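A short worksheet on the structure shown next.
The values are calculated or read from the model by the stated rules, or taken from the named source; none is laboratory data. These numbers come from a predicted model, not from an experiment. Heads up, the Cβs are rebuilt from the backbone with ideal geometry, glycines too, and the neighbour counts pull from every protein chain shown. Note: accessible area is taken over every heavy atom of the protein model, side chains too, but ligands, DNA and RNA are not part of it. Shrake-Rupley method; radii C 1.70, N 1.55, O 1.52, S 1.80 Å.
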Amino acid sequence: MTTTVRTAPLAGADPFVPRHVGPNETEVAEMLERLGYRSLDDLIDATIPAAIRLRRPLAIHSGRSEHEALETLRGIARKNRIFRSYLGYGYHDTLTPPVIQRNVLESPGWYTAYTPYQAEIAQGRLEALLNFQTMVMDLTGLEIANASLLDESTAAAEAMFLAYQVKGSDSRNVFFVDARCHPQTIDVVKTRAHARGIDVTTGDATSATFGDTTFGVLLQYPTTDGAVVDYRDVSTSAHDAGALVVAAADLMSLVLIAPPGEWGADVCVGNTQRFGVPLGYGGPHAAFFATKDEFKRMLPGRIIGVSRDSHGRPALRMALQTREQHIRREKATSNVCTAQVLLAVIASMYAVWHGPVGLTTIARRIHRRAATLAAGLEQLGHGISSDVYFDTLCVELGGTLTANLVIGAAAKAGINLRHAGERSVIVALDETVTDDDVQALLSVFAAGQPAPETTGLTDDLDDRFDASLRDGDAALSAHARVARPVADALDDSAGKLHDEAERDRRDDPGDVARVRTNSSVRAGGADAGISGAVRQPRVRAGRNYGLRRGVAAAERRVAG
Amino acid sequence: MSLQPNAGSQGEYAGLLTISAYHQARGESNRIVCLIPQSAHGTNPASAAMAGMQVVVTKTDAKGNIDVADLRAKAEQHKDRLAALMVTYPSTHGVFEESIREICDIVHEHGGQVYMDGANMNAMVGLCRPGDIGADVCHLNLHKTFCIPHGGGGPGMGPIGVAKQLAPFLPGNPVVRTGGSQATGAVSAAPWGSASILPISMMYIDMMGGEGLTYATKIAILSANYVAARLEEHYPVLYKGANGRIAHECIVDPRALKASAGIEVEDITKRLMDYGFHAPTVSFPVAGTLMIEPTESEPKAELDRFCDALIAIREEVRAIEKGTMDREDNPLKHAPHTMHAVVSDAWAHAYSRELAAFPTEDTRQRKFWPSVGRVESAYGDRHLVCSCLPTDAYVEQ
């Protein structure tokens, strides 16, 4: 005999509803009285037309306590199998500095705030975003940048529309997309283009001839299979044909390689995920969009600018707001509204935290691991499809190995590799990769043969990447060596971010934003110990830009 | 559902693409007209244009509701080319329009699909459902309704839910298979948008439960009506439903104060900072007004404190109207007041420092100081600088 025990729904030990809902029962009664209703349901009946009311409860269980809900979530998470990802596609694992995790990502002062429409009480956040723009301008070599977009692919589509606005017409209606762009970017761009009646041609930009119907060219830099291509000739021929050049670039690689603005790109887009933002199964992270000064009025998204306050002092606010779709409506070419502010702040703080020297060290370390891996792969009889790369290798498999065999062996070792062809595999590294990881990768590619030891590979390495820029392409290297003025300064060499962020800030959470800064994102050569191939921007002395107080407690009170 | 769109605006674009693909699959690729009411948010027409649709604007009546006769006429006029209607519900004016069912029926009768902008879903959860009302697509702003924190302006998410006939056309991804059987192209880089923030909404729904979610909606409506009732004795409150009730937001109209006291909405928003508040939405959906959406999560004491501030500001304006306060040299025109301005030996205003910085007892206990004085936007647009300034720009003169 079965006994069914019926119990009243157990109220969780710590019910969440009264924590979330502001007014308590007494207050609800007072508010209803003020409005002249006897019950909440009377008010709702008077507000919502009877014809559309849902006359039954939602088919969702009753509320659980936070503890119970977290257990459910953990149960789901336990079903995941965590693989080491070398897939690339513009996504790279990263080390989120714990100081940023604690004081930005997990700080309500940063994560709960509203869009900074009221500039006077949002100066800290606006300043972090100005840092983001400065960082992007500095690394891309372009003159103006916005305060983030949703992702790299949609940013590339926005760039296509900018190019169309500048150069396009009914007869000049073709957007050329290099076939070595990330596949998801090609797809997003094609979808957007198709809806607007723009033709997309894909092919090899380095050998293509652009006709008078092409208004723009999109290039991936480095390419999706890792090659650092010298695009100067492509850029010249695109310009000669009357088209704009858009680069979709990897921000970390730009710490070391020639910035797109210097080889002729009119627009540079990309994502900043690998600047401290966890992969997150695809998002969120902040994309960037930089262009030349002459196109500033067509820049999509929000732009932070410096103005002055009523006392004549510098003050920040969102600039050029009349460009937004609220004004232009159906004439707008972009519907961008929400940005990725929290993630842009994290990326900008990552740059501030590491400073130019730290970023250069990270980029060089990543590249050195890639060079180590390449040397080992070559010893195993595999080929690397490009001589010049940053952190991503396209491996041409030697012997009888096939991509499926290698990818299968990798999966057994808990590693994700990317299929690039029947006999080629892409491996994209990142700042978390250790020598042991490289060793594990070599074991996969050794396919049962003894794998070379990484320790033996680094001795004669001499940074193949730097060497290739120096010797393999003298022109690019000479070009890269030209000193250029850099934008301002994002260096936390004094550790101020840490001091300020960690200090007790009961009185003013805005202090978390205060940072003193000294030199540029991109390091001066000698200080950073970089070889002559790496650009040596002119370092201005005495920069000292304090992030002022800003994240307003008041903002969190009654914001729409 | 498609989780791919990373913002409400991307949901609009994705939803309209899905509608276009549906019409094309039925051999009706001539259906490209998108009806959009005058009162719609600016992203609606921008998204329609992005999706390759032709926008036809329909009228809004004096009460802020969709003019059903005009909508019917325009649907009739474009019946062979009608693709969709974009409608926000409850309306951008914060009202549950009685005619919504009829409006959806008219669009369906003329071969169109209904896109419902879910920006105001906070007023509907558990009480009515877009699908029952007649919507074929609806996006959800997870950062508005399902508790993803605003982040200072992102991350957000705008996943779309669609009716059965549109499901085959939900967006795909070239790397990871997702979306419908005849998927449109990708609308975002990642197959499931901003996947890592979805657990926030999941946790919220799990902890609230069906009953709690419905209760929250009711309290959001109660709070908005309470704020409206307290303020309407001091400022006109625009747009109400059939029984004088609003949904989850109210529009307060200070436009008359310009003639009577030279005070504009901007002066009020800046003065609110001195009182310790961030202004609500300004100039949307009606230029020169404030739209207040208190939500369910503020206790009554906080709502009262906010209403008290707006009422006190109205009294300051009354002093200007009566001539007891100067039309130019008053705490509204010079708001917000920084600590530097208030402690300066050079204080030369006709009103007291105390009124400037501590207008209420509450501000004496919990003062938040704006870090700069009122920002001149036009100056910055004329002298555009979008990167960090050198240090010497900050040297005090």
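Please report, in cubic angstrom per residue, the volume enclosed by the convex hull of the alpha-carbon atoms of region A:184-273.
Value for region A:184-273: 101 Å³ per residue.
Provide the descending list of Cα extents for region A:83-176 along its principal axes, expressed in whole angstroms.
Reported extents, whole Å, longest axis first: 53, 45, 24.
Tell me which residues come under 5 Å, amide H to amide H, from A:S307 once H is placed; ignore anything under 5 positions away on its chain.
A:A315, A:L316, A:R317
Going by a ≥ b ≥ c, the root eigenvalues of the Cα gyration tensor, does region A:83-125 fall in the rounded group (a/c under 1.5), the prolate group (a/b larger than b/c) or the oblate group?
prolate
Give a residue-ordered list of calculated ³J(HN,Hα) values for region A:283-294 (Karplus: 6.51 cos²θ - 1.76 cosθ + 1.60, θ = phi - 60°; whole Hz; x for Gly, Pro).
Per residue, the Karplus-derived 3J(HN,Hα) values read x, x, 7, 9, 8, 10, 8, 10, 8, 7, 4, 5 Hz.
With r defined as the distance between the Cβ atoms of A:T400 and A:Y281 and R0 fixed at 30 Å, what FRET efficiency is calculated, to the nearest 0.05?
That gives a FRET efficiency of 0.30.
Among B:T269, B:T324, B:T60, which one shows the biggest mean-square fluctuation in a GNM of chain B, springs joining Cα atoms closer than 10 Å?
Result: B:T324 has the largest fluctuation of those listed.
So what are the ³J(HN,Hα) numbers for region A:153-164, from phi and the Karplus equation (6.51, -1.76, 1.60; θ = phi - 60°), rounded to whole Hz, Gly and Pro as x?
Per residue, the Karplus-derived 3J(HN,Hα) values read 5, 5, 5, 5, 5, 4, 5, 4, 5, 4, 4, 5 Hz.
Would you grab the residues whose amide H sits under 5 Å from the one on A:G270? Only those 5+ places off in sequence or on another chain, please, with H modelled 1.01 Å from N.
Amide H neighbours of A:G270: A:A249, A:F288.
Identify all lysines with a Cα-Cα distance to B:K300 below 24 Å; exclude those on the same chain that are fewer than 8 residues away in sequence.
B:K144, B:K218, B:K240, B:K270, B:K367
Carbon and sulfur atoms: what percent of the 1.4 Å accessible area of region A:196-255 do they account for?
42
State to the nearest 20 debye the size of the charge dipole of the protein assembly as shown about its Cα centre, where the only charges are +1 on K and R beta carbons and -1 on D and E beta carbons.
Charge dipole, the protein assembly as shown, about its Cα centre: 920 debye, nearest 20.
In what sequence, highest mean first, do B:364-371, A:341-348 appear when ranked by Cβ atoms within 10 angstrom?
A:341-348, B:364-371
Test of understanding: express the Cα radius of gyration of region B:51-124 as a ratio to 2.2 N^0.38 Å, with N the residue count.
1.07
Expressed as a fraction of 2.2 N^0.38 Å, the rule-of-thumb size for a compact globular protein of N residues, what is the C-alpha radius of gyration of chain B?
Rg over 2.2 N^0.38 Å, computed on Cα atoms: 1.12.
Calculate what fraction, in whole %, of the accessible area of region B:256-397 sits on carbon and sulfur atoms when a 1.4 Å probe is rolled over the protein chains.
Heavy-atom surface of region B:256-397 belonging to carbon and sulfur, 1.4 Å probe: 53 percent.
Counting only residues 5 or more places away or on other chains, whose amide H sits under 5 Å from the amide H of B:G288 once H atoms are built in the peptide plane?
Residues meeting the amide H criterion: B:S283.
Using only the alpha carbons, work out the radius of gyration and Dmax of region A:137-181 in angstrom.
12.6, 36
Expressed as a whole percentage, what fraction of the accessible surface of region B:182-229 belongs to carbon and sulfur atoms when a 1.4 Å probe is rolled over the protein heavy atoms?
65
For A:K292, list the lysines whose Cα falls under 19 Å from its own Cα; do not include residues on the same chain fewer than 8 positions away.
Qualifying lysines at Cα under 19 Å: A:K167.
For the protein assembly as shown, state the average projected area of the convex hull of the C-alpha atoms over all orientations, rounded to one decimal in nm².
Answer in nm², one decimal: 43.2.
Can you figure out the FRET efficiency of B:E233 with B:F284, using R₀ = 30 Å and their beta-carbon distance, to the nearest 0.05?
0.80
Classify region B:1-42 as rounded, prolate or oblate from the Cα gyration tensor: take a ≥ b ≥ c as the square roots of its eigenvalues, call it rounded if a/c is under 1.5, otherwise prolate when a/b beats b/c and oblate if not.
Oblate, since a/c reaches 1.5 and b/c is not below a/b.
For B:K79, list the lysines whose Cα falls under 22 Å from its own Cα; do not include residues on the same chain fewer than 8 positions away.
Here the lysines satisfying the reach criterion relative to B:K79 are B:K59.
For region B:295-302, in order, what is each residue's ³J(HN,Hα) by Karplus, 6.51 cos²θ - 1.76 cosθ + 1.60 with θ = phi - 60°, in whole Hz (x at glycine and Pro)?
Values per residue, Gly and Pro as x: 6, 7, 9, 9, x, 4, 4, 6 Hz.
Starting from 0 in steps of 10 Å, tell me what percent of the Cα-Cα pairs of region B:101-247 lands in each bin.
Going from the shortest bin to the longest, the percentages are 10, 29, 35, 20, 6, 1.
Under a plain spin-label model, where a point goes 7 Å from the Cα along Cα-to-Cβ, how far apart in nm are B:T360 and A:A29?
2.6
Let me make sure I get this right: for region B:325-365, a, b and c are the square roots of the gyration tensor eigenvalues over alpha carbons, sorted descending. Under 1.5 in a/c it's rounded, otherwise prolate if a/b > b/c, else oblate. Which is it?
Note, shape of region B:325-365 comes out oblate.
Given B:S39, B:H139, B:G152, which one lies farthest toward the positive end of the charge dipole of region B:36-170, if we put +1 on the Cβ of every Lys and Arg and -1 on the Cβ of every Asp and Glu?
Going by the Cα projections, it comes out as B:G152.
Leaving out ligands, DNA and RNA, calculate the buried accessible area for the pair A and B with a 1.4 Å probe, summed over both sides, in Å² to the nearest 100.
11500
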